[in-house]
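Undergrad: Right, I'll just put the structure down here and ask away after.
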Amino acid sequence: VQLQASGGGLVQPGGSLKLSCKASGTTFRFDGNEWYRQAPGKQRELVATINGDGTTYYIDVVKDRFTISRDWRTNTMTLQMNSLKPEDTAVYYCYVRRWGTDYWGKGTLVTVSS
């Protein structure tokens, strides 16, 4: 299983970014598809989850601003981030758990600054 994350960058407060995570060796039809982030000096934290049945979960601080989804055609999981705040600045990682093993994509840096 390999995950390739992309889409990070520099954006002003209030702006939007869309992160993508393309998978090989698995699909996003199973449970346990997630985005995490790690801000400077802080522990990595769960941001959002999408399960095999399409149900989603968000941490409170991103609820109503971020949307997690998946595209069967391209085998990609995305995180649409709107109304970005400086405190959203972090390295974002996509993650799946398959057959008892954790798989992480390389992080993509999101910087929210004016």
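The values are calculated or read from the model by the stated rules, or taken from the named source; none is laboratory data. These numbers were taken from a predicted model, which means no experiment stands behind them. Note: ideal-geometry Cβ built from the backbone for every residue, glycine included; neighbour counts use all protein chains shown. Please note that ligands, DNA and RNA were not included when accessible areas were found on the heavy atoms of the full protein model with its side chains. Shrake-Rupley method; radii C 1.70, N 1.55, O 1.52, S 1.80 Å.
Undergrad: Residues in region 58-70: is at least one under 13 Å from Gly107 (Cβ atoms) and surrounded by 15 or more Cβ atoms within 10 Å (Cβ to Cβ)? Please lay out each step first, then the result.
TA: In the first step, residues of region 58-70 are kept if they are under 13 Å from Gly107 (Cβ atoms); the result is none.
No, that holds for no residue.
Undergrad: In region 19-57, how many are open to solvent by less than 20 Å² (accessible area, probe 1.4 Å) and either charged (D, E, K, R) or over 14 Å from the mean Cα position of the chain (by Cα) (or both)?
TA: Final tally of qualifying residues: 2.
Undergrad: Now for a different question. Any idea how many residues of region 82-114 are out of contact with any Ser or Thr (no Cβ under 9 Å at 6 or more places or on another chain), open to solvent by 60 Å² or more (accessible area, probe 1.4 Å) and within 16 Å of Glu45 (Cβ to Cβ)?
TA: Result for region 82-114: 4.
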